[in-house]
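FYI, it's all coordinate maths here, none of it is from the lab. These figures come from a predicted structure and were not determined experimentally. Here the Cβ positions follow ideal geometry from the backbone for every residue, glycine too, while neighbour counts run over all protein chains shown.
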Amino acid sequence: MSIASLTRFTVPLGNGISQGLLMPKLKYRFRVIFSNFGVGNSTVELTKQIKDATRPVMAQTRQTIDIYNSKVFYAGKPEWQEAKITLRDDATGQVSRLVGEQLQSQFDFMEQSSAASGGAYKFITTLEMLDGGNGANTPVILEAWELYGCFVTNADYGGMDYASADPLEIALSISFDNAVQLTPGVGIPVARILSTGVTTA
């Protein structure tokens, strides 16, 4: 009886249908993987030092057609908003070096020279929501987003403060051209999501 009562902890659906709550995805169970970030060196330190990250936000402007006594609306061009990622700046300097390499690939500050094309500096960012597995229990990817055509639009290295013992952080704003949502088990094979963040199809 006690177990059966747990099926009543949701909104009644009518027609005798009843089910318990579904387990939600938890905010802290995630990882972010970068591909082609910087000058091609390993970016695992970035993945390990991430504090927080945002999932994609899509905005579609409402367009208006004025007619006789009213208005008609239709969807305009979609636009992906910038992603936000915060990194902890480590004592070895690896994180700040990797971020600096990416910024330098976008624009050579020493020579005051721009990259010839976007393909020379754009990277892929993969956001993966996990089930909490680790160690002997391989983590299961519950959902993934792949952001294509990424580049850093703003890098905030933060400031120092004698009155604070908090870690230094680097806040990145990342613009991207397109985003694809991958949901393993719902028409998308898990094999498509690789550790490099590159899809096979």
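For this structure, a couple of remarks:
- C-alpha long axis of helix 94-106 to longest principal axis of the chain, angle in °: 80 degrees
- Between segment 10-57 and segment 79-140, the Cα center-to-center distance that results, in Å: 17 Å
- Each residue of segment 66-76 was assigned a 3J(HN,Hα) from its phi angle through the Karplus curve 6.51 cos²θ - 1.76 cosθ + 1.60 (θ = phi - 60°); the sequence is 7, 10, 2, 10, 7, 9, 10, 10, 8, 7, x Hz, with glycine and proline shown as x.
- Along the axis of the charge dipole computed for segment 18-192 (Cβ charges of +1 for Lys and Arg, -1 for Asp and Glu, origin at the Cα centre), the listed residues A120, Y148, G20 are led at the positive end by G20.
- Under 5 Å from the amide H of G38 lie the amide H atoms of Q102, each residue being 5 or more positions distant or on a separate chain, with H modelled from the backbone and absent for Pro and chain starts.
- Cβ charges +1 (Lys, Arg) and -1 (Asp, Glu), total dipole of the chain, debye: 880 debye
- Working from the Cα coordinates of segment 18-192, the gyration tensor eigenvalues give, after taking √(5λ), semi-axes of 31, 27, 18 Å in decreasing order.
- Under the Karplus curve 6.51 cos²θ - 1.76 cosθ + 1.60, θ = phi - 60°, whole-Hz ³J(HN,Hα) for segment 25-32, x wherever Gly or Pro sits: 6, 9, 4, 7, 9, 7, 8, 10
- Computed on segment 18-192, with alpha-carbon pairs under 8 angstrom and 6+ residues apart, the relative contact order is 24 percent.
- Label point distance in nm, A165-L6, each placed 7 Å from Cα along Cα→Cβ: 4.0 nm
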